[in-house]
Amino acid sequence: MTGVGIKVFEYRLLGPLEVLFDGRPVAMRAAKQRALLASLLVDANKIVPTDTLIARLWDEPPHGARNALQNYVLRLRRTLGGPAEGPIRTCADGYLIDVPDDALDLHRFDALVTRARAAAAAQAAERASALLGEALALWRGEPLSDVPSERLQLEVVPALNERRLGALELRTDADFQLGRHTDVLPRLRELTAAHPLQERFWAQRMLALYRSGRQGEALECYRTVSALLLEELGVDPGPELWQLHQQMLTADRSLTAPASPEGPRSEGNLPAETTTFIGRESMLRRTRKLLENARLVTLTGPGGVGKTRLALRAAAEASWAFPHGAWLADLAPLTEPQLLDRAVAEALGIPDLSSRPGTEVLVEHLRERQLLLVLDNCEHVAEAAGRLVGTLLRAAPGLRVLATSRQGLRVPGEYLLPVPPLAVPRDRGAPPTLTRCEAVRLLADRAEACAPHFRITARNEEAVGRLCRRLDGIPLAIELAAVRLGTLSAEEILERLDDRFRLLSDSGARTGPRHQRTLRGVVDWSHDLCDEREKSLWAGVSVFSGGFDLAAAEAVCPGEDMTREDIVDVLAALAHKSVLTVDTTGPRARYRMLETLRQYGQCRLQELGRDIPLRRRHCAYYADMAARAAERWCGPDEVAWLSRLRLESPNLRAALDFCVTGEGDATVGLGIAANLTRTRYWFFTSSLGEGRHWLTRTLDLAPEAPAPLRVGCLALTAWIALCQGDRSSAERLLTDAVRLGNAVEDGESLGVLAYMEGAFAFLVYADVRSIALLASARERFRADGQVGDAHMATMLWSMAASFFGEREPALAAGREYVNEADAHGAGWAHSWGLWGMGLAELRHGDPHRAVDLFRDSLRRQWAIGDRWGTVWGMEAMAWAVAATGDHGRAARLIGAACRLLRTTGVALTGLRPFHEAHTEVEHLVRRTLGERAFAAAFAEGAATRDAMRLALGGTGCGTG
């Protein structure tokens, strides 16, 4: 904080006394010097009478105190710059210190609180909370804690602390308006412990507990504060606490949390239930109770017992207590434990474009959140899951984890909750007792869908009860049996199951616990009731991971007993038998299989010796899909292809995993990884780290792959590393690519290397030669018919022209970029073409026109789910808005953009032209607004929950 021709210092009272000059501490070692400066600062810009200063410096003033004071003033002036220049002025009655408004933390604190009060009065709770957060962040501890002045400690420090407590109270009220009742509980627990006689904090804590569903604890708080007040002060609670207590006792509706003015308070990705949830009431209550007290609860039990269903229902019922939502990560499709952290990050919707380890990304995202994470199907990666969960729980105090696994995760503090089968009826029971039994209710409910005429009657009640007991109350077994009630009676099903179990017993197949044997017997029986084509397809589709569509099944699963044309009818038969579920809500019907049934199918496939051949066909199908997507990228269907690839992520991972195992072909995997990179799939899905993982892994395992493919993959890996800000790795990879490419010298390799040379010249060295290099690469790609790669070269060529070119060529390049995307009919490319034209207008044309172009680009990218694009759209919008002169909004946009850059891990420092543009705009806005106004606006933008609305100028776009 400097001025022209004068020295301006920064002073800090809200903690130990500090003085800074140009950001560097100024030594204030003498105790009386600190006391004098503090005495002047608490009344900054006002005359402090000499007598007041003497009283603040000495408990018992010495003889000649006035002369001593003058001496201390002289020394303090020297410390702060000399008598002629210092901020301390001598007045008739005392002394005065000149302090600019933004140079004293106490003044900044008061100004922020005043603005927050105004925001709260205007119902802008989000802004009020952010401003108060910024104000409270100025406090570094007990005010004036190192200043030896009894008068200041008695008269000034308590008043300062009261101002802080008032701000904390205001912030809690604002957070209540935003629905953050669970968020504020740790804060209120600390406040009531530190200030046990402050009834207002107890009232807020009671209300927060009540609205968090913890009514018993809220009432206990009242009993605690009542006892404290009586013991310490001999009084009862005041009217506010008493009335609140009465309202809680009567469940007054006025205590219900108001709707948040900022929108929904929580988020998550829990799937909607598609069938009714039967029974388990006591298990639900127990699971939820454990989640209140234990940070890791693992539901254990055999396959088919209902762990997943119980976990999802418990999470849905508990989600309101987690301000940042309840999230499901299904680990069943995961094939490589090394990718566990990235699979969880993807499930949480974390956009990560950095080179950081996935666990680090998760820790940063979860550290300040209160969130419930459901990890489903952990058994095959239990060791890796245990390590990850342990790390996350230590780093994120607001995280709770609900896991399902056939075995525990072995994490300290883990609570294992075995999930029993459903309750079954006793040997004899009257129909009312029978129909209240969980297992019977499930059987009747599931039978209603496929056997609408089935009823439990006096005639069949005994058989129904025996059937549920024979199935050991295992939900999956009951559901499979219920399907048969459309064609068989309960007695007939029971008779056939008894035969099946007798056969298993006679053959000695009694390994494993009883429930496991029961489920195996029912699944075996269901399998035996399928015809040969159905059995074959059951086994065949088990190679798919995370679901599949008809086209995939038709390509992978035909065999000697089944033609391609037969597949659709056999899939329908398996769905009717509840072996498959089908979702027809999307443009393509999508089939899924319960994990227990998929594992059964895989065992059958291995027994038939068809496992490796079908996995090869599966791999070939998804390799072809990736190749077709790359070939058709930068065309009218590119957005549809990107969405399809995102949907098929589990199958693409399964194919890549097969390629890097002993039975697969690493060269095929290299092609899949390369084509996914060429389609910008990893950018689109914000999973650059995973893309780099697969490229690196397959490159290591495919040293004999064709040289052009290896050159291209080395260059693509270098490109990802460059975009992640990992310059050293990018340079090393490019060097390897050039060395190999020079030895090959085929047209495709030369084009890739020319492109990377231009990209490095542009992004790393900010070299004007990049324009010509990228133009050359563009022509090479065009000559080879590589439309998508040519368009990427056009993109960078246009941007380089905007940054380093002259006005007319730059504007012409921007127009050519947009026109090329339009000519291809490519939606994703068109959105980036608008961005490139906006950049050209910003740097060489009309900034208002640039704002419109960036807005249009951002809206399109948001609509198609392009997470990479929205980061740059927000950043560029800040540049353009600043150029129009709207510096306040520009500062808010810079804050929102910085938050996006931080959460996605995009490293501007590694992309020199963009980093320099960002720095230039930020300095301009700071100078124009001043530090204090800029900091407030920046914080407001960084804290906004709807960054897209801010960027688009208030237009509706959903939640940001």
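Given the options 380, 244, 311, identify the residue whose Cα lies farthest towards the positive end of the charge dipole of the chain (+1 on Cβ of Lys, Arg; -1 on Cβ of Asp, Glu).
Looking along the dipole axis, the top candidate is 244.
Could you check the simple spin-label distance between residue 735 and residue 78, using points 7 Å along Cα→Cβ, in nm with one decimal?
Taking the simple label geometry, residue 735 and residue 78 are separated by 5.7 nm.
Select from 863, 827, 893 the residue farthest towards the positive end of the dipole of region 791-894; place +1 on Cβ of Lys and Arg, -1 on Cβ of Asp and Glu, and compute about the Cα centre.
893
Return the long-range amide H neighbours of residue 401 (sequence gap of 5 or more, or a different chain), with a cut-off of under 5 Å between placed amide H atoms.
296, 297, 373
Please give the calculated 222 nm ellipticity per residue for the chain, where each DSSP H segment of at least 4 residues contributes -39500 (n - 2.57) and the sum is spread over every residue; nearest 500 deg cm²/dmol?
Computed mean residue ellipticity for the chain: -19500 deg cm²/dmol.
Would you list 791, 107 from fewest to most Cβ contacts within 10 Å?
107, 791
Take peptides 666-676, 934-944 and line them up by average Cβ neighbours within 10 Å, highest first, as a rough protection proxy.
Per-residue mean Cβ counts within 10 Å order the peptides as 666-676, 934-944.
Report the label-to-label distance for residue 18 and residue 603 in nanometres (one decimal), using points 7 Å from each Cα along the Cα→Cβ vector.
Label-label distance for residue 18 and residue 603, simple model: 6.4 nm.
Relative contact order, percent, of region 281-418 when contacts are C-alpha pairs under 8 Å separated by at least 6 residues? Could you put the intermediate results ahead of the total?
Values: 235 pairs, mean separation 52.4, N = 138.
Dividing the mean separation by the residue count of region 281-418 yields 38 percent.
Students often check this: by mean Cβ neighbours within 10 Å, which of 549-560, 294-305 ranks highest, and how do the rest follow?
On the way: 549-560: 17.7, 294-305: 22.8.
Highest mean packing first, the order is 294-305, 549-560.
When only C-alpha pairs under 8 Å and at least 6 residues apart count, what is the relative contact order of region 628-760, in percent?
Value for region 628-760: 19 percent.
Quick check on the exposure proxy: order 202, 139 from fewest to most C-beta atoms within 10 angstrom.
Taking fewest neighbouring Cβ atoms as first place, the list is 139, 202.
Per Stokes-Einstein, at 10 °C and 1.306 mPa s, what whole-number D in µm² s⁻¹ belongs to the chain, with the Kirkwood radius over Cα pairs as the hydrodynamic radius?
Approximately 48 µm²/s, per Stokes-Einstein.
Within a Cβ distance under 11 Å of residue 201, other residues only, what is the Lys/Arg minus Asp/Glu net charge? Provide the component values of the computation, followed by the final result.
Numbers: positive: 187, 189, 200, 205; negative: 169, 190, 199.
Residues close to residue 201 contribute a combined charge of +1.
Packing-wise, with mean Cβ within 10 Å as the measure, how do 644-653, 892-901 rank, highest first?
The densest-packed peptide leads the list: 892-901, 644-653.
Rounded to whole Å, give me the distance from the Cα center of region 85-125 to that of region 8-72.
17 Å
What does the charge dipole of the chain about its Cα centre add up to, to the nearest 20 debye, if the Cβ of each Lys and Arg holds +1 and the Cβ of each Asp and Glu holds -1?
So the dipole magnitude of the chain works out to roughly 1600 debye.
What number comes out for the charge environment of residue 921, summing +1 per Lys or Arg and -1 per Asp or Glu over other residues with Cβ under 14 Å away?
Charge balance near residue 921 sits at 0.
What's the extension gain from residue 808 to residue 220 if we count 0.36 nm per residue and subtract their Cα-Cα distance? Present the calculation step by step, with values, prior to reporting the outcome.
Values: separation 588, 0.36 × 588 = 211.68 nm, distance 7.37 nm.
Here the answer is 204.3 nm.
In nm, give the distance between the simple-model label positions of residue 489 and residue 772, each being 7 Å from the Cα along the Cα-to-Cβ direction.
If labels sit at residue 489 and residue 772, their model points lie 9.3 nm apart.
Stretched out fully, how many nm does the piece from residue 154 to residue 30 gain, at 0.36 nm a residue minus the Cα gap?
On the way: separation 124, 0.36 × 124 = 44.64 nm, distance 2.12 nm.
Result for the pair: 42.5 nm of gain on full extension.
Along region 722-733, what does the Karplus equation 6.51 cos²θ - 1.76 cosθ + 1.60 (θ = phi - 60°) give for ³J(HN,Hα), rounded to whole Hz, x for Gly and Pro?
Once θ is set to phi - 60°, the couplings for region 722-733 become 5, 5, 7, x, 8, 5, 4, 5, 4, 5, 5, 5 Hz.
Step through the residues of region 139-155 one at a time and calculate ³J(HN,Hα) from phi using the Karplus curve (6.51 cos²θ - 1.76 cosθ + 1.60, θ = phi - 60°), rounding each to whole Hz and writing x for Gly and Pro.
With the stated coefficients, region 139-155 comes to 7, 10, x, 5, x, 6, 5, 10, 9, x, 9, 5, 5, 5, 5, 7, 9 Hz.
Report the relative contact order of the chain, percent, no decimals, based on alpha-carbon pairs under 8 angstrom and at least 6 residues apart.
RCO, the chain: 8 percent.
If the chain between residue 233 and residue 823 were fully stretched, how many nm would it gain, using 0.36 nm times the residue separation less the Cα-Cα distance?
Here the answer is 204.3 nm.
Taking neighbour Cβ counts within 10 Å as the exposure measure, how do 20, 714, 112, 811 sort from fewest upward?
Going from least to most buried by this count: 20, 811, 112, 714.
Which angle from 0 to 90°, rounded to the nearest 10, does the C-alpha axis of helix 239-249 make with the longest principal axis of the chain?
0 degrees
Between region 352-376 and region 595-661, what is the C-alpha centre distance in whole Å?
27 Å
Karplus couplings for region 658-671 from phi (6.51 cos²θ - 1.76 cosθ + 1.60, θ = phi - 60°), rounded to Hz, Gly and Pro as x?
4, 5, 9, 9, x, 8, x, 10, 4, 5, 4, x, 4, x
None of the figures in this text is laboratory data; all of them are computed from the coordinates on show. Worth saying up front: this structure is predicted, and the values here are computed from it rather than measured. We place every Cβ from the backbone using ideal geometry, glycine too, and count neighbours over all the protein chains shown.
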